[in-house]
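Asks: Below is a structure I'd like to ask you about.
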Amino acid sequence: MANLGFIGLGVMGSEMVNRLLDKGHSITGYNRTRSKAEWLVKKGMKWADSPRAVVAAADVTFSMVTNSAALGAVANGADGFLAGMTKGKILVDMSTVSPAYSKEIAAKVREKGGDMLDAPVSGSVITLREGKLSVMVGGRRETFEKVKPLLNDIGPKVTYVGENGLALVMKIATNLSLAVQMLAFSEGVLIAEKSGITRETAVDVLTHSVIASPMVQYRGPSVLKMPDEAWFNVNMMQKDMVLALELGRQLDVPMPTTAVTNEFLTAARGMGMMEKDFAVLFDTLAQMSGVKR
């Protein structure tokens, strides 16, 4: 049993805590909105009133927040986790944020005598619940080896990528393909449907065809019925696409399909669908095609 902390108890973070509790770990948690974490408190998670208090209570603290600004909010200030960081403590940030900003925070953690890893994940809440989540890790190798067993309690596939920031680059490289695949899948469904094939048949064929990646298999059926709760909403996906486009510009890598797909995410936002799962790329293209949901 490890003495752990967790900052950020959204959809993914709370499910990770749930898995860690099931593995027998002691966890102190914090979330900006406490009501979302009450079910975990009832299950045995200890509550802390600030990120600083979480880090002070734990040996290894995980964080999972929405973006770079949110990471800064929980890191800095009198109640931030940096204020609670002391020698020997480890922070594992599982957020998808700017690699450069993550490296800045890691440097500040080390100034306090602790260490930090970036450990974003690939998968959705469904793959997490099924025990199929994969984790990419950047940072010092010796720190990675210390926390690898804990990461394996979250997901079975844990891969060391390299120095700080590189796991985030790998996550961004992964996520840009999710949205691109969803848009391409939507094009296939719609061209079949407008030719006279039922949508159900088109989805069935495509999700059992050679193009059926794991993402297409679990998210493709959402063109028939959207999930009640967004697994990964349009705003979150567009944040990652913008990070990808920024990296492409910095590295002189053309990103044509990322750029086009990003514009469709902007269109989805313009249609008021920013809080829906990014699978609404289908709805965006369908409306442009004169097809009703």
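Asks: So if I place +1 on the C-beta of Lys and Arg and -1 on the C-beta of Asp and Glu, and nothing else carries charge, what would the dipole magnitude of region 230-275 be about its Cα centre? I want it in debye, nearest 20. Walk me through the numbers on the way to the answer.
Replies: Working: 3 positive and 5 negative charges, 13 e Å.
In debye, rounded to 20, region 230-275 gives about 60.
Asks: Another one. Using Cα pairs under 8 angstrom and six or more residues apart, how large is the relative contact order of the chain, in percent? Don't skip to the answer; put the middle values down first.
Replies: On the way: 522 pairs, mean separation 36.8, N = 293.
Answer for the chain is 13 percent.
Asks: 5 Å is the cut-off here: which amide hydrogens, built 1.01 Å from N in the peptide plane, fall below it relative to K157, excluding neighbours closer than 5 in sequence?
Replies: V135
Asks: Further question: Positive end of the dipole of the chain, charges at C-beta (+1 Lys, Arg; -1 Asp, Glu), about the Cα centre: which of T261, V125, T28 has its Cα farthest in that direction?
Replies: Selected residue: T28.
Asks: Ratio to report: Rg/Rh of the chain, with Cα atoms as the point set and Rh obtained by the Kirkwood method; give two decimals. Working shown, then result.
Replies: Values: Rg = 19.9 Å, Rh = 19.9 Å.
Rounded to two decimals, Rg over Rh is 1.00.
Asks: Further question: Just round it to a whole percent: the fraction of Cα-Cα distances in region 5-153 exceeding 21 Å. Walk me through the intermediate numbers first.
Replies: Details: 4043 of 11026 pairs.
The answer is 37 percent, as a whole percent.
Asks: With an 8 Å cut-off on Cα pairs and a minimum separation of 6 or more residues, tell me the relative contact order of region 1-141 in percent. All intermediate terms of the calculation are to be shown ahead of the outcome.
Replies: On the way: 282 pairs, mean separation 29.4, N = 141.
Relative contact order, region 1-141: 21 percent.
Asks: If you don't mind, another one. If each DSSP helix of 4+ residues adds -39,500 (n - 2.57) and the sum is divided by the residues in the chain, what number results at 222 nm, nearest 500 deg cm²/dmol?
Replies: On the way: 14 runs with 154 residues, N = 293.
That comes out to -16000 deg cm²/dmol.
Asks: Could you work out what % of the accessible surface of region 1-78 is carbon and sulfur, using a 1.4 angstrom probe and leaving DNA, RNA and ligands out of the count? Spell out each step's value before the answer.
Replies: Numbers: 1670 of 3330 Å².
Summing carbon and sulfur atoms, their accessible area is 50 percent of the total for region 1-78.
Asks: How large is ³J(HN,Hα) for each residue in region 166-179, as worked out from phi by the Karplus curve 6.51 cos²θ - 1.76 cosθ + 1.60 (θ = phi - 60°), to whole Hz, x for Gly and Pro?
Replies: Listing the rounded values in order: 6, 5, 5, 4, 5, 5, 5, 4, 6, 5, 4, 6, 4, 5 Hz.
Asks: Rounded to the nearest 5, what is the percent of antiparallel bridges among the DSSP beta bridges in region 115-180?
Replies: On the way: 3 of 8 bridges.
Bridges in region 115-180 are about 40 percent antiparallel.
Asks: Taking every pair of alpha-carbon atoms in region 23-65, what share in percent sits in each 5 Å bin, from 0 to the bin with the longest distance?
Replies: Per 5 Å bin, starting at zero, the Cα-Cα P(r) for region 23-65 comes out as 5, 24, 33, 28, 10, 0 percent.
Asks: Right, next: Taking the Cα centre of the chain as origin and charging only Cβ (+1 Lys, Arg; -1 Asp, Glu), how large is the dipole, in debye to the nearest 20?
Replies: Values: 33 positive and 29 negative charges, 117 e Å.
With Lys and Arg at +1 and Asp and Glu at -1, about 560 debye.
Asks: Follow-up question, since we're still on this one. Whole number in Å², please: accessible area per residue of region 111-214, 1.4 Å probe, ligands, DNA and RNA not counted. Show your work: numbers first, answer last.
Replies: On the way: 4670 Å² over 104 residues.
Value for region 111-214: 45 Å² per residue.
Asks: Please list, ordered by chain and number, the residues whose modelled amide H lies under 5 Å from the amide H of A230; skip anything fewer than 5 residues away on the same chain.
Replies: D277
Asks: Of K148/K171; K23/K148; K36/K108, which sit over 21 Å apart, Cα to Cα? Don't jump to the answer; show the numbers that get you there.
Replies: On the way: K148/K171 18 Å; K23/K148 14 Å; K36/K108 30 Å.
Going by Cα-Cα distance, K36/K108 fall outside the 21 Å limit.
Asks: Oh, and also: Looking only at the chain, where both bridge partners belong to it, what percent of the DSSP beta bridges are antiparallel (to the nearest 5)? If you can, show how the numbers build up before the last one.
Replies: Values: 4 of 28 bridges.
If I count the DSSP bridges inside the chain, around 15 percent turn out antiparallel.
Asks: Can you list residues whose amide H is under 5 Å from V97's amide H, if they're 5+ apart or on another chain and H is modeled 1.01 Å from N?
Replies: Sorted by chain and number, the residues that satisfy this come to none at all.
The values are calculated or read from the model by the stated rules, or taken from the named source; none is laboratory data. Quick caveat: nothing in here was measured; it's all calculated off a predicted structure. Glycine also receives a Cβ, built like all others from the backbone with ideal geometry; neighbour counts cover every protein chain displayed. For the accessible areas, the whole protein counts, side chains as well, though only heavy atoms, and no ligand, DNA or RNA atoms are used. Shrake-Rupley method; radii C 1.70, N 1.55, O 1.52, S 1.80 Å.
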